[in-house]
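The next block holds one structure in the form of structure tokens; read it before the comments.
None of the figures in this text is laboratory data; all of them are computed from the coordinates on show. It should be emphasised that the depicted structure is a prediction, and the values quoted were computed from it without experimental measurement. As a convention, Cβ positions derive from the backbone with ideal geometry for all residues, glycine included, and neighbour counts pool all protein chains shown.
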Amino acid sequence: MTAHTPLPWKRGGVFRAGTGWAEYIIGPCTSHDPTRIVCGLEDARMGKEMMEATAEFIVCACNAHADLVAALEGIHNFWVNGQRCWCPVEPESDDPVSAHATCHDARAALAKARGETA
Ligand SMILES: [Zn+2]
């Protein structure tokens, strides 16, 4: 898979566009690529505050993505049935749903973060 635009990304600042608002999310600039636009947001129905909140969410989520995935992968407690376990205490049951609810949630979150469909 081709790598995405390098991080960190930052907000370019909201500005007027037609009857609505717009903002660019920009990546690290280089001498060969002085203005690297990662994406542009524009919506005539979205208010300025929602446009800013949306841009802030995209930047924060994308910049934190790799760290969050690595942190979640790094907090396995122990091995259970050949798989890493995230559960806060050693499960007392072998029932995979009730005994490993935290593991289920953690694996689902990692799959979602990696773009893997269940
Ligand atoms: Zn578990």
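Using the basic label-point model (7 angstrom from Cα toward the beta carbon), what is the Arg84 to His65 distance in nanometres?
It works out to 1.9 nm between the two label points.
³J(HN,Hα) across the range 26-41 via Karplus (A = 6.51, B = -1.76, C = 1.60, θ = phi - 60°), whole Hz, x for Gly/Pro?
With the stated coefficients, the range 26-41 comes to 10, x, x, 8, 10, 5, 7, 9, x, 9, 9, 8, 7, 7, x, 10 Hz.
Please get the size of the charge dipole for the chain, origin at its Cα centre, with Cβ charges of +1 on Lys and Arg and -1 on Asp and Glu, quoted in debye to the nearest 20.
That gives a dipole near 540 debye.
May I ask you to derive the relative contact order of the range 1-64, considering only C-alpha pairs under 8 Å and at least 6 residues apart, and to give it as an integer percent? Can you show the working numbers first?
Details: 102 pairs, mean separation 21.2, N = 64.
It comes to 33 percent, rounded to a whole number.
Taking just the alpha-carbon atoms of the chain, what radius of gyration and Dmax come out, in angstrom?
Looking at the chain, its Cα Rg and Dmax stand at 19.9, 61 Å.
With point charges of +1 on the Cβ of Lys and Arg and -1 on the Cβ of Asp and Glu, referenced to the Cα centre of the chain, which listed residue (Ala71, His100, Gly20) lies farthest in the positive direction of the dipole?
The Cα lying farthest towards the positive end belongs to Gly20.
Report the FRET efficiency, 1/(1 + (r/R0)^6), for Asp43 and Ala101, where r is their Cβ-Cβ distance and R0 is 30 Å, rounded to 0.05.
0.20
Could you tell me the relative contact order of the chain? Use alpha-carbon pairs under 8 Å, at least six residues apart, and round to a whole percent.
Values: 139 pairs, mean separation 19.5, N = 118.
Dividing the mean separation by the residue count of the chain yields 16 percent.
If neighbour count is taken as other Cβ atoms inside 10 Å, put Met1, Met51, Met46 in order from fewest to most.
Taking fewest neighbouring Cβ atoms as first place, the list is Met1, Met46, Met51.
Near the amide H of Asp43, under 5 Å away, which other amide H atoms are found, from residues 5 or more places off or on another chain, if H is placed in the peptide plane?
So Asp43 has HN proximity to Trp21.
Given the C-alpha atoms of the range 1-64, compute the convex hull and give its volume per residue in Å³. Intermediate values should be presented prior to the final figure.
Details: hull volume 6.1 nm³, N = 64.
That works out to 95 Å³ per residue.
How large is the charge dipole for the range 23-86, taken about the Cα centre, if only the Cβ atoms of Lys, Arg (+1) and Asp, Glu (-1) carry charge, to the nearest 20 debye?
On the way: 4 positive and 9 negative charges, 50 e Å.
In total the dipole reaches around 240 debye.
Describe numerically, in nm with one decimal, the distance between label points set 7 Å from Cα along Cα→Cβ at Lys112 and at Met50.
Distance between the two pseudo-spin positions: 2.2 nm.
What number, rounded to the nearest 500 deg cm²/dmol, is the helix-based mean residue ellipticity at 222 nm of the chain, given -39500 (n - 2.57) per DSSP H run of at least four residues and division by all its residues? Mind dumping the intermediate values first?
Numbers: 2 runs with 40 residues, N = 118.
Only helices count here, giving -11500 deg cm²/dmol.
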